[in-house]
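The values are calculated or read from the model by the stated rules, or taken from the named source; none is laboratory data. All values reported here derive from a predicted model rather than from experimental measurement. Glycine also receives a Cβ, built like all others from the backbone with ideal geometry; neighbour counts cover every protein chain displayed. The protein model used for the area step is the full one, side chains on, heavy atoms only, and it has no ligands, DNA or RNA in it. Shrake-Rupley method; radii C 1.70, N 1.55, O 1.52, S 1.80 Å.
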Amino acid sequence: MKSKNKILLFILLTIFFACTKEKKYQYDVNDVTVGQEGGDKTNQKSTTEFISIAYADLFGTNIPQTKLVNLSVAYSSFGDLKVIEERIISNLLNDSSAIIPALPSVSGDTTLFIVNTYKKFFNREPNEFEKHQWMNLIRTNTNVSPVTIYFAMMTSDEYRFY
């Protein structure tokens, strides 16, 4: 009987001390508003605007009417708009008369190339992080060409809005 009482007492004490309420911690965290550069662009370019602006950005002139109509029809008839946008931009970039700068050197004109490219496509200056990331990519990866950079920027969501 004494051993049963000891066992029962041991079990009760174990349960009593084992079951403790979990402590709740409350941290004082400052509210932070996160925004994206160029995030204030709320108006999406129409199909005609997108094609016309892309052509003007690459060729420095207005798009011929017949070419605009042909590209607009192709754009409107395709189901996946992102795919057709990529195809249109790729087609324009591969045209031999497109005005694309030569590969920037890693010494001096890379920053100027990045700033001018942001102004050209996004109508804004790049922030320090964007400059750093592009500089790092251009310096470390020899496969990154101005055509690749132009394609990345022109197919981005920010380019689609104004």
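For percent of Cα pairs over 28 Å apart, computed directly from the structure shown, the correct entry in (i) 44; (ii) 28; (iii) 23 is (i). The C-alpha atoms of the chain define a longest principal axis, and helix 110-122 lies at about 90 degrees to it.
Whenever you get a sec, line up Met135, Met154 from highest to lowest accessible area (probe 1.4 Å, protein heavy atoms).
Values: Met135 30, Met154 0 Å².
Heavy-atom accessible area, descending, gives Met135, Met154.
Report, in degrees rounded to the nearest 10, the 0 to 90 angle that the Cα long axis of helix 65-77 makes with the longest principal axis of the chain. Result, in degrees: 30.
Pop out the carbon and sulfur fraction of the accessible area of the stretch 24-88 as a percent, whole number, probe 1.4 Å.
Working: 2370 of 4860 Å².
Heavy-atom surface of the stretch 24-88 belonging to carbon and sulfur, 1.4 Å probe: 49 percent.
A simple rule links phi to the HN-Hα coupling: the Karplus curve 6.51 cos²θ - 1.76 cosθ + 1.60 with θ = phi - 60°, which for the stretch 127-136 gives 7, 4, 5, 4, 4, 4, 4, 5, 4, 4 Hz, with x for Gly and Pro.
The residue list Ser156, Phe59, Leu12 was ranked by how far each Cα lies along the charge dipole of the chain toward its positive end, using unit charges on Cβ atoms, and Leu12 comes out on top. Accessible surface computed residue by residue for the chain, with neighbouring protein chains in place and a 1.4 Å probe, gives 72 Å² per residue.
Could you please put Thr142, Thr148 in sequence from largest to smallest accessible area, using a 1.4 Å probe?
In descending accessible area the options line up as Thr142, Thr148.
Quick one: helix 2-18 against the long Cα principal axis of the chain, what's the angle to the nearest 10°, folded into 0 to 90? Once rounded, the angle reads 30 degrees.
The GNM of the chain, with springs linking C-alpha atoms under 10 angstrom apart, assigns the highest mean-square fluctuation among Thr110, Thr33, Thr140 to Thr33.
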